[in-house]
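Reading through the structure tokens given below for one structure.
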Amino acid sequence: MLNEVTPEPNLPAYDAPDQPPTRHGSWLRILGLILVIGLGAVVWHIYQNQKQNVANSASQAAALQSRPTPVQVTPAEQRPMPIFLTALGTVTPYMTVTVKARVNGELEPVKFTEGQQVRQGETIMVIDPRPYKAILDQAKGNLAHDQALLKDAQAQYARYKALYDAGVTSKETLDTDAATQGQYLGAIEADKAAVEAAQLQLDYCTIQSPINGRIGLRLVDPGNMIAANVTNLVVINQFEPIAVFFTLPENQLPEVLRKLATDKRMPVDAYDRDDVHKLASGYLLTADNQIDTTTGTGKLKAVFDNKDQALFPNQFVNVHLELEDRPKAIVVPSAAIQSGLQGSYVWVIDTDANGVATSRIQPVKVALAEGEVTIVDSGLEAGQNVIVDGADRLQAGKKVIVSAARQRGGKGGSQQGSKFPGAGAASGTGAGQTGKKEQQ
């Protein structure tokens, strides 16, 4: 018998888990790839632009480097230049007199106008002379009285002398008359002294200027009672000549004193507060006999004729004391002098055979400098062109073109023109000396 196979019951089919749609994941991958490619393209474009900009900048820099730089030049000059020391000075009257009365009395109307020039011996004020005239008359009367008494005593002595010689009178009487005569002689001498004293007091009533000078403002009005040797009436300052006091450091004094010992009239110039315009020329008179220990300076006195009265008392001036005169000094404008780690230098112009001008650094040794002018000890020759404007854009060997606005004569093919302005000099580097300014 055949075994019957019992059919298995129908089992439910196995349910597989749900899978994400394959189509959605593909789009995300494609989008990410597109973003990466775009970003790479942007970066590549930026890189290419920067590379091009760098190339352009290098090209422009090379073009600018090869382009000539406009500069302004002037030639170094050789000319006489005085060497001097500078200091700040104070103008002081050569003589100052404060007028006071020497007698008591009432001040009469003055004989001057405030600020006028007065001469020595000129009457400027008068004190009421009447009381002193009376005292003088009284002294003269006493003198006349004693002179009359003396004359009588002399006549009486002569009579008694004749009687004594005849033996009529005694020696004692003759001696008494001689003594009386001597007393009158002494009284007369005293009377004469009293007359002189009274005359002197009367003369003091007329106040005269003791110096030549300019009279100041009146300090007392007419009609006031004046006390002798107490009341200041007016001040008179002497303007012609006039003095200037100034100080120098003690380390400069020995050179000045040596020069003063051989040259009794060392030239001195007075300049205004800006140290530009020369006011007057004079000479050094003397130096003080000691050094101020608080400042380490010595005081000196210069004298100026001051005929035009350009100097005024208590005025501040810049003093230029000349020490020597350099007849062949090399002078350049101060604007041409540059300073670096290696010291002072100037930019000079070199021109080749083709007429191409290039800049070059030239070291120099500066002697003295001030304002617009500098004296150079070494490093330059007369006529050599130096750059005074445009040096801040220069490099060694860079091509330059001279500006037509200020072409100057000298080497390097630049056009001949007027000389650089000004003159003047200032505190010297290192030595404390200066080159002298010419009046503008």
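Overview of results
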quantity	calculated
Estimated vicinal HN-Hα couplings, Hz - segment 32-43 in sequence order (Karplus 6.51, -1.76, 1.60; Gly, Pro = x)	x, 5, 5, 5, 5, 5, x, 4, x, 5, 5, 4
Amide H contacts under 5 Å for VAL110, placed H, 5+ residues apart	none
Total formal charge among the other residues, if their Cβ is under 15 angstrom from that of PHE312, Lys/Arg +1 and Asp/Glu -1	-1
Long-range amide H partners of VAL103 with built H, under 5 Å	ASN229
Accessible surface, segment 345-389, averaged per residue in Å² (probe 1.4 Å)	41
For THR92, residues with placed amide H under 5 Å, excluding near neighbours	ALA243, VAL244, PHE245, ASN314
Linear extension gain, LEU163 paired with GLN120, 0.36 nm per residue minus alpha-carbon span	9.3 nm
Mean Cβ count within 10 Å, highest first, over the residues of peptides 229-236, 345-352, 384-391	384-391, 345-352, 229-236
Set of segment 90-117 residues, backbone N closer than 20 Å to the point 7 Å along the Cα-Cβ line of PHE312	90-97, 113-117
Net charge of Cβ neighbours under 12 Å - reference GLU106; Lys, Arg +1; Asp, Glu -1	-2
Packing-based order for 205-215, 145-155, using average beta carbon neighbours within 10 Å, highest first	205-215, 145-155
Carbon + sulfur, % of accessible area of segment 57-157 - ligands and nucleic acids excluded, 1.4 Å	52
Ordering of 263-273, 76-86 by packing [mean C-beta count within 10 Å, highest first]	76-86, 263-273
Estimated vicinal HN-Hα couplings, Hz - segment 272-288 in sequence order (Karplus 6.51, -1.76, 1.60; Gly, Pro = x)	5, 4, 7, 6, 10, 9, 7, 9, 7, 10, x, 8, 7, 8, 6, 10, 5
Accessible carbon and sulfur surface of segment 222-344 relative to its total accessible area, %, 1.4 Å	49
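The values are calculated or read from the model by the stated rules, or taken from the named source; none is laboratory data. Given the structure is predicted, the values throughout are model-derived calculations rather than measurements. Positions of Cβ are backbone-derived with ideal geometry, glycine not excepted, and every protein chain shown enters the neighbour counts. With ligands, DNA and RNA removed, areas are computed over all heavy atoms of the protein, side chains included. Shrake-Rupley method; radii C 1.70, N 1.55, O 1.52, S 1.80 Å.
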